[in-house]
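Trainee: Got a structure here, written out as structure tokens. Questions coming.
The values are calculated or read from the model by the stated rules, or taken from the named source; none is laboratory data. The structure presented is a predicted model; accordingly, all values stated were derived computationally and were not measured. In this analysis, Cβ positions are derived from the backbone assuming ideal geometry, glycine residues included, and neighbour counts consider all displayed protein chains.
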Amino acid sequence: MRNNHTRQPRLIGVIPAAGQGTRLAPFLYPKELLPIVYASVGGNGGQVVPRPVLQFSLDAMKAAGITECIIVIANWKLEIPRVFGDGDGSGISLSYVMRNVPRGLADAMDAVQPWVRGQHVAVALPDTVVYPHDALGLIWRECLSSHADLVLGVFPTPTPEQLGPVRVDSDGRVTQILDKPKTTDLKNTWGMAVWSPRFTGLLHEEVAKSPEDAKPTLGSVFQQAVDRNFNVRALLFDDGRYLDVGTPDGLGRVVPGVAL
């Protein structure tokens, strides 16, 4: 008997955390470990523990059903694997890839290419907090239903010039991705992404052909996909929030609290 059930593609999480954190300099430990909120373990009266910002991206992946994640780190960020280990405490299996020379997000994402080849990839950034909490799962669902090569989760922001604003047509197709533009009429930014093996191939192609000291930005590779008529779509979270904790201004927007 023929099995008519189609197996859902495998989705692997990737978090690029090999940057130097220059936007928060001087800083003496990985920004990904910034304790931006405190949580009570064991209910009222339980132990209060800090939750580093990286944990929010891991939580988003777990909520999307992701069971394994690769974190790209540098040799000056060994505190990250010391804190998170193999992920046993996070409910998601973690592994690490080293990228000791910082060459941007595209290069960091390409570092995992041997381990994600042929699989779908979900990307969350290590120094951001995104609402709604199930955003990444919704982006994955959009990718599956639309058979997209790339789906960007797009969130409102008051500082698009510091980020990656996205222009989207009425059908949800992406027509333009900007990278830290000096000026723009857009008031959004991409904050998460899910892509197919086809986009992984394009990313590897673009990174491999570029000089070591001039790697492309991830936004420019997104635009390459648009220009080559890949199926690039956006899921707009008009009522969502995107908090970039990797800048002094963004960090100041995060109000620490105790979740009891």
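Trainee: Could you please tell me which pairs satisfy a Cβ distance under 7 Å, a separation of 6+ or placement on different chains, a first residue in the range 58-80 that is in a loop (DSSP other than H, G, I, E, B), and a second residue that is among the polar types (S, T, N, Q)?
Mentor: So the pair list comes out as 67/93; 74/100; 75/100.
Yes/no per residue for (1) more than 17 Å from the chain's Cα centre (by Cα); (2) aromatic (Phe, Trp, Tyr); (3) assigned to a loop (DSSP other than H, G, I, E, B); (4) buried (at least 24 other Cβ atoms within 10 Å of the Cβ):
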{"position": "170", "(1), (2), (3), (4)": "yes, no, yes, no"}
{"position": "176", "(1), (2), (3), (4)": "yes, no, no, no"}
{"position": "183", "(1), (2), (3), (4)": "yes, no, yes, no"}
{"position": "200", "(1), (2), (3), (4)": "no, no, no, no"}
{"position": "204", "(1), (2), (3), (4)": "yes, no, no, no"}
{"position": "207", "(1), (2), (3), (4)": "yes, no, no, no"}
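Trainee: I'm checking my understanding of the structure. Among residues of the range 226-254 that are in contact with a Phe, Trp or Tyr (Cβ under 6 Å, 6 or more places away or on another chain) and crowded, with 21+ Cβ neighbours inside 10 Å, which one is modelled with the lowest pLDDT?
Mentor: My answer is 242.
Trainee: Can you say whether residue 88 is at pLDDT 95 or above and among the acidic types (Asp, Glu), as far as the supplied structure shows?
Mentor: no
Trainee: Looking at residue 94 and the list (1) touching a Leu at 6+ places or on another chain (Cβ under 9 Å); (2) buried (at least 21 other Cβ atoms within 10 Å of the Cβ); (3) assigned to a strand (DSSP E or B), which single condition is not satisfied?
Mentor: Checking residue 94 against (1) touching a Leu at 6+ places or on another chain (Cβ under 9 Å); (2) buried (at least 21 other Cβ atoms within 10 Å of the Cβ); (3) assigned to a strand (DSSP E or B), the one that fails is (2).
Trainee: Next up: Given the criteria within 21 Å of residue 206 (Cα to Cα), more than 13 Å from the chain's Cα centre (by Cα) and either of a type in the set (Gly, Ala, Ser) or surrounded by fewer than 19 Cβ atoms within 10 Å (Cβ to Cβ) (or both), does residue 89 qualify?
Mentor: Against the criterion (within 21 Å of residue 206 (Cα to Cα), more than 13 Å from the chain's Cα centre (by Cα) and either of a type in the set (Gly, Ala, Ser) or surrounded by fewer than 19 Cβ atoms within 10 Å (Cβ to Cβ) (or both)), residue 89 does not qualify.
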